[in-house]
1. Can you spot a residue in segment 50-61 that is out of contact with any helix residue (DSSP H, G or I) (no Cβ under 8 Å at 6 or more places or on another chain), touching a residue at least 12 places away in the same chain (Cβ under 8 Å), among the polar types (S, T, N, Q) and surrounded by fewer than 21 Cβ atoms within 10 Å (Cβ to Cβ)?
2. What residue, among those in segment 192-208 that are touching an Asp or Glu at 6+ places or on another chain (Cβ under 8 Å) and farther than 21 Å from residue 29 by Cβ, is surrounded by the most Cβ atoms within 10 Å (Cβ to Cβ)?
3. Out of the residues in segment 224-236 meeting the condition of being touching a helix residue (DSSP H, G or I) at 6+ places or on another chain (Cβ under 7 Å) and touching a residue at least 60 places away in the same chain (Cβ under 8 Å), tell me which one is farthest from residue 188 (Cα to Cα).
4. Out of all the residues in segment 201-223, which are of a type in the set (Lys, Arg) and closer than 12 Å to residue 190 by Cβ?
5. Go through segment 192-248 and give me each residue that's β-branched (Val, Ile, Thr) and either assigned to a loop (DSSP other than H, G, I, E, B) or at pLDDT below 90 (or both).
6. Quick check: is even one residue across segment 14-36 in contact (Cβ under 8 Å) with a residue 12 or more places away in the chain and either in a strand (DSSP E or B) or hydroxyl-bearing (Ser, Thr, Tyr) (or both)?
7. Restricting attention to segment 76-94, which residues are modelled with pLDDT under 90 and either touching a strand residue (DSSP E or B) at 6+ places or on another chain (Cβ under 7 Å) or closer than 19 Å to residue 61 by Cα (or both)?
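The values are calculated or read from the model by the stated rules, or taken from the named source; none is laboratory data. What you are looking at is a predicted structure, and each value in this text was computed from that prediction instead of being measured. Reconstructed Cβ throughout: ideal geometry from the backbone, glycine too, with neighbour counts over all protein chains shown.
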Amino acid sequence: MNRALAIGVASTEYGDGIFGQLPGVNDDVANVFAFIKERGFDVSKRAAGDDLSANAVASVLAQFIDHTGSSDLGIIYLAGHGYRVRDSSGDETDGWDEAFVCRDRPILDDWWRDSLWPRLRAGARIVIIVDTCHAASGELGFRPGPPHPVELPPPALKDYYRLSLCACRDEEETLEYARNDEGGGVVTMEMLSTMRLKPQLDYRELWTEVATDVRDRYYAAGAGTPQLLYHGPDDSLLESTAFKPLPETPTPSA
């Protein structure tokens with residue numbers, strides 16, 4: 001199965017007003033939804049008008065992962081505010097938890113690591129695109145680095161594939177160029193533009209071009225550095241054609 005889920009949170013009640021409206025997020029979700037659907041995926045979306053509380057978003061993500069079988073390809077797109085909060089559990093080497101901000105509260109990176117990714121079946125393939133500030137490990141749940149300050153249980157070893165295409169490093173912010181509710185995140189716009197011009201790029205080639213274009217066009221304006229992080233037993237997902245559905249597995253005859 002080839003399925004996709006696009007989630008955009010353009011506004012939040014969290015943070016006592018420190019987070020402004022992101023009018024381009026809804027446009028981004030609509031554009032990504034249309035693009036991935038054109039590529040042959042079964043796509044659903046959550047944006048303005050839907051329940052975007054942290055519990056609802058977590059539930060939708062968990063259901064999506066639970067329905068991604070071995071050898072399936074699932075694509076998750078997230079847009080909205082990314083945030084950093086002081087780590088309270090002692091498991092972050094830099095002292096910060098990265099988070100995706102929902103309508104009422106953030107979902108911390110610990111949840112992705114501890115609760116979501118362990119649900120993936122062996123052989124499943126997940127591509128997650130994160131167009132938020134502080135994106136690199138907010139939805140990855142971990143990144144390579146020095147030992148954690150407190151001992152963590154070893155990760156469950158599963159032969160699943162997870163490719164994270166992130167708008168910026170953990171310590172960086174990204175940029176939205178939305179005017180009058182048109183436009184959107186510069187990383188999303190560059191990704192869609194590049195794919196329409198060069199539809200046969202693999203994921204590594206795609207994100208190299210996106211990162212180069214963002215650097216050349218928007219770095220001086222405050223955009224971060226797009227990141228690619230990968231987990232898998234081999235590079236087959238990384239080197240596959242970006243947003244190309246996998247062949248359907250024939251159903252055995254009775």
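1. yes
2. Out of the qualifying residues, it is 201.
3. Among those residues, the one meeting the criterion is 228.
4. Hits for segment 201-223 are 215, 217.
5. 225
6. Yes, because at least one residue in segment 14-36 is in contact (Cβ under 8 Å) with a residue 12 or more places away in the chain and either in a strand (DSSP E or B) or hydroxyl-bearing (Ser, Thr, Tyr) (or both).
7. Across segment 76-94, the qualifying residues are 83, 84, 85, 86, 87.
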